[in-house]
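K.L.:
One structure is given below, represented as structure tokens, and several questions about it will come after.
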Amino acid sequence: MHRRTIPRLAPWAEMRAAFRWDIPARFNIAAGCCDSRAAEEPERVAIVDLSAERRVWTYGALKDASDRLAGVLARAGVGRGDRVAILLPQRAEVMVAHFAVMKLGAVSLPLFTLFGPEALDYRLRDSGAVAVIADAEGLAKIGGLDLPALNLRLDVDDWDLSGPPAVAVETTADDPAMMIYTSGTTGTPKGVLHAHRFLLGHLPCVETALEGFPVSGDVGWTPADWAWIGGLMDLALPCLWFGVPLVAKRFGKFEAEAAWHLMVGEGVTTAFLPPTALKLLRRSEAPPGLRLRAVLSGGEALGSGLLTWGRETLGVPINEIYGQTECNLVMAACAGTQDVTPGTLGRPVPGIEVEVQDGEGRPVAVGGTGEICTRGSPATFLRYWDKPDETEAKWRNGWLRTGDLGRVEGDGVITYVSRDDDVITSAGYRIGPTEIETCLTAHPAVVMCAVVGLPDVARGEVVTAFVVAPDRTETLEAELIGWVRARLSPHMAPRSVRFVEGLPMTATGKILRRALREA
């Protein structure tokens, strides 16, 4: 049940040629990540919970708690296909809740604790959630909301699990398991419905991008919220699938020193660290005693500076991964098995096809730019919730359209250019912001930045950079413009630089360029 999908690491082309998907007809994420492991090794460590006092959860304890919570939900009328929201910070009970819901054939709905009442109201109402599992703070946020379908509100710190456990139902690999809402960077958030098979679709990328994961002694951790597909599926559930101890701790505000201390103290070897976390860690000295051997990152382009820092300072590869909520982990740049070109997305993961297509659905030539499209991954979503037109528009001739623009570099390598709607059109040029942002963040004075196109009568739009630079000088604006002009191209250089204290971001840490354009 828990075998690796990639038997051994080999050159990338060799692994792709040998790979075949093996998706069982009947499959349930809770059975694979909890119950089957509990049956084999009930005392094996599953989760080390640091959210409050340190508590170690075994697979046996995880199974017992999720069985009993499933019983509570079933007696309240929760059944197949019902949506159950999970509004909790990173802690072991998040997994208890997911597994309990899945054992009933219901659909788990992870929600960010940072969401305010309006955001929660939209998602709970749109999904038709019949129950929510939260802590006191989360329940207070939704306390005044009028949600007729929400019949059960469970306080995780006051639930009664003394009743009889539920008997898990059988599910197929294609039955709905989880719904994750898009971040809403481009319009109304959409509920992305996934099947149980989508866990299996993540494994080849995790195994290769974490350089042969799992190896003996591995311990995993991510500061990313488990309500985000990145934190949940890029690391947390794969750890539980493979029996790798998973550390549960998310800081209210990420602090590099605290993160270093955690990784040393818990002996973390493998981590999913979003770009923002990496940038903050780079500004703080790495302590002795680190056991890191591989790091995943994705969501924003890293740039060669961070990759070099990881290799030279940490002594580990930072491997970039690419995907989206609708189809996650379809490309990777893995130092151990590829000739990695810094700044690129790498190559398609074994078992998955990726193609850059023009507006007519034809593959573009080397050097050309088009939309990144993919097919063949079990991690592909079932549909958008109650949005058939948007679901249909996501597909073209059997290919899933990502809405991201990429450039073909040859030999299967693709460079991310931008979201299609982030493209800046200036004086006839179509300019993607990511390359400019990567260039700017390589400047020693820049902590973080975002590049957008702002309206201009003469050019249509002008390239504008919003920059966080606490120690800026009076000449820094001109210096940064010249920096980009010299390193990229005059037409890509910002016409102006606006210094800000911080950048607007989604709960997943992605920059909201739309908010900067509308400000």
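K.L.:
According to a simple spin-label model (label point 7 Å from Cα along Cα-to-Cβ), what is the distance in nm between A427 and T188?
P.N.:
My value for the distance between the label points is 4.1 nm.
K.L.:
Which of the following values of Cα Rg over 2.2 N^0.38 Å was calculated from the structure shown: (1) 1.23; (2) 0.96; (3) 1.12?
P.N.:
(2)
K.L.:
Could you give the length gained on full extension between V56 and D411, defined as 0.36 nm per residue of separation minus the Cα-Cα distance, in nm? Could you put the intermediate results ahead of the total?
P.N.:
Values: separation 355, 0.36 × 355 = 127.80 nm, distance 4.59 nm.
So the chain would gain 123.2 nm between V56 and D411.
K.L.:
How much length is gained if the chain between R517 and A365 is pulled fully straight, taking 0.36 nm per residue apart and subtracting their Cα-Cα distance, in nm to one decimal? Could the numbers behind the result be given before it?
P.N.:
Working: separation 152, 0.36 × 152 = 54.72 nm, distance 3.22 nm.
Stretched out fully, the R517 to A365 stretch lengthens by 51.5 nm.
K.L.:
State, as an integer percentage, the relative contact order of the stretch 183-236 based on alpha-carbon contacts under 8 Å between residues 6 or more apart. Provide the component values of the computation, followed by the final result.
P.N.:
Values: 24 pairs, mean separation 13.8, N = 54.
For the stretch 183-236, the relative contact order is 26 percent.
K.L.:
Between the stretch 162-218 and the stretch 232-257, what is the C-alpha centre distance in whole Å?
P.N.:
14
K.L.:
Set the Förster distance to 41 Å, then compute FRET efficiency between D389 and E312 from the Cβ-Cβ distance, nearest 0.05. The partial results should precede the final answer.
P.N.:
Numbers: r = 50 Å, r/R0 = 1.21.
It comes out at approximately 0.25.
K.L.:
State, as an integer percentage, the relative contact order of the chain based on alpha-carbon contacts under 8 Å between residues 6 or more apart.
P.N.:
Values: 1099 pairs, mean separation 60.6, N = 519.
For the chain, the relative contact order is 12 percent.
K.L.:
With label points built 7 Å along Cα→Cβ from the Cα atoms of D155 and D420, find their separation and express it in nm.
P.N.:
Using points 7 Å along Cα→Cβ, the separation is 4.8 nm.
K.L.:
Count neighbours as other Cβ atoms within 10 Å of each site's Cβ, and list the GluC sites (Glu not before Pro) in the stretch 317-405 that are DSSP loop with at most 11 such neighbours. Working shown, then result.
P.N.:
Details: sites: E320, E326, E353, E355, E360, E371, E390, E392; in loops: E326, E360.
Qualifying residues, ordered by number: E360.
K.L.:
Right, next: First measure r as the distance between the Cβ atoms of R472 and R495, then evaluate 1/(1 + (r/R0)^6) with R0 = 25 Å and state the FRET efficiency to the nearest 0.05.
P.N.:
Working: r = 18 Å, r/R0 = 0.72.
According to the calculation, E is roughly 0.85.
K.L.:
Right, another one. If you find the alpha carbon centre of the stretch 291-365 and of the stretch 46-69, how far apart are they in angstrom?
P.N.:
About 33 Å separates the Cα centre of the stretch 291-365 from the one of the stretch 46-69.
K.L.:
With a ≥ b ≥ c taken as the square roots of the eigenvalues of the C-alpha gyration tensor of the stretch 426-518, please select rounded if a/c is under 1.5 and otherwise prolate if a/b is larger than b/c or oblate if it is not?
P.N.:
On the way: a/c = 1.62, a/b = 1.10, b/c = 1.47.
The shape class here is oblate.
K.L.:
Size of the dipole of the chain about the Cα centre, Lys and Arg at +1 and Asp and Glu at -1 on the beta carbon, nothing else charged, in debye to 20? Spell out each step's value before the answer.
P.N.:
Numbers: 53 positive and 64 negative charges, 95 e Å.
Around 460 debye, computed over the chain.
K.L.:
Next up: Name the trypsin sites (Lys or Arg not before Pro) in the stretch 291-337 that are in a loop by DSSP and that have at most 15 other C-beta atoms within 10 Å, would you?
P.N.:
Working: sites: R291, R293, R311; in loops: R291, R293.
In loop regions of the stretch 291-337 (DSSP not H, G, I, E or B), the sparsely surrounded trypsin sites (Lys or Arg not before Pro) are R291.
K.L.:
With n ≥ 4 as the cut-off for DSSP H runs, can you work out [θ] at 222 nm for the chain, using -39500 (n - 2.57) per run divided by the number of residues, rounded to the nearest 500?
P.N.:
On the way: 15 runs with 134 residues, N = 519.
Computed mean residue ellipticity for the chain: -7500 deg cm²/dmol.
K.L.:
How high is the relative contact order of the stretch 426-518, given as a whole-number percent (alpha carbon pairs under 8 Å, six or more residues apart)?
P.N.:
Working: 147 pairs, mean separation 25.8, N = 93.
So the answer I get is 28 percent.
K.L.:
Using a cut-off of 22 Å between alpha-carbon atoms, which lysines can reach K190, once sequence neighbours fewer than 8 places away in the same chain are excluded?
P.N.:
Answer for K190, where 22 Å is the Cα cut-off: K141, K387, K394, K510, listed by chain and number.
K.L.:
Just to be sure I understand the model, the point goes 7 Å from the Cα along the line to the Cβ. What's the resulting R4 to A458 distance in nm?
P.N.:
Going by the 7 Å Cα→Cβ label model, 5.9 nm.
K.L.:
Let me ask something additional. Quick one: dipole size for the stretch 426-518, taken about the Cα centre, charges +1 on Lys/Arg Cβ and -1 on Asp/Glu Cβ, in debye to the nearest 20. Write out the running numbers ahead of the final one.
P.N.:
Details: 11 positive and 10 negative charges, 67 e Å.
It comes to approximately 320 debye.
K.L.:
Can you compute the FRET efficiency between D64 and A140 using 1/(1 + (r/R0)^6), with r the Cβ-Cβ distance and R0 = 30 Å? Round to the nearest 0.05.
P.N.:
Working: r = 29 Å, r/R0 = 0.97.
The pair D64/A140 has a calculated efficiency of 0.55.
K.L.:
Also, I was wondering about something else. Along the Cα-to-C-beta direction of D358, a point sits 7 Å from the Cα; which residues of the stretch 391-432 have their amide N less than 11 Å from that point?
P.N.:
It comes to no residues whatsoever.
K.L.:
Next question, about the same structure. Applying a 10 Å radius around every beta-carbon, put 139-145, 377-383 in order of their mean neighbour count, most first. Display every interim value, and only then the final one.
P.N.:
On the way: 139-145: 13.7, 377-383: 22.3.
Top of the packing list down: 377-383, 139-145.
K.L.:
Follow-up question, since we're still on this one. Would you be so kind as to identify which of G367, P274, T113 lies farthest towards the positive end of the dipole of the chain, taking Lys and Arg as +1 and Asp and Glu as -1 on Cβ and the Cα centre as origin?
P.N.:
G367
No value in this document is a laboratory result; all are computed from the given coordinates. Since this is a predicted model, take the numbers as computed values, not measurements. Reconstructed Cβ throughout: ideal geometry from the backbone, glycine too, with neighbour counts over all protein chains shown.
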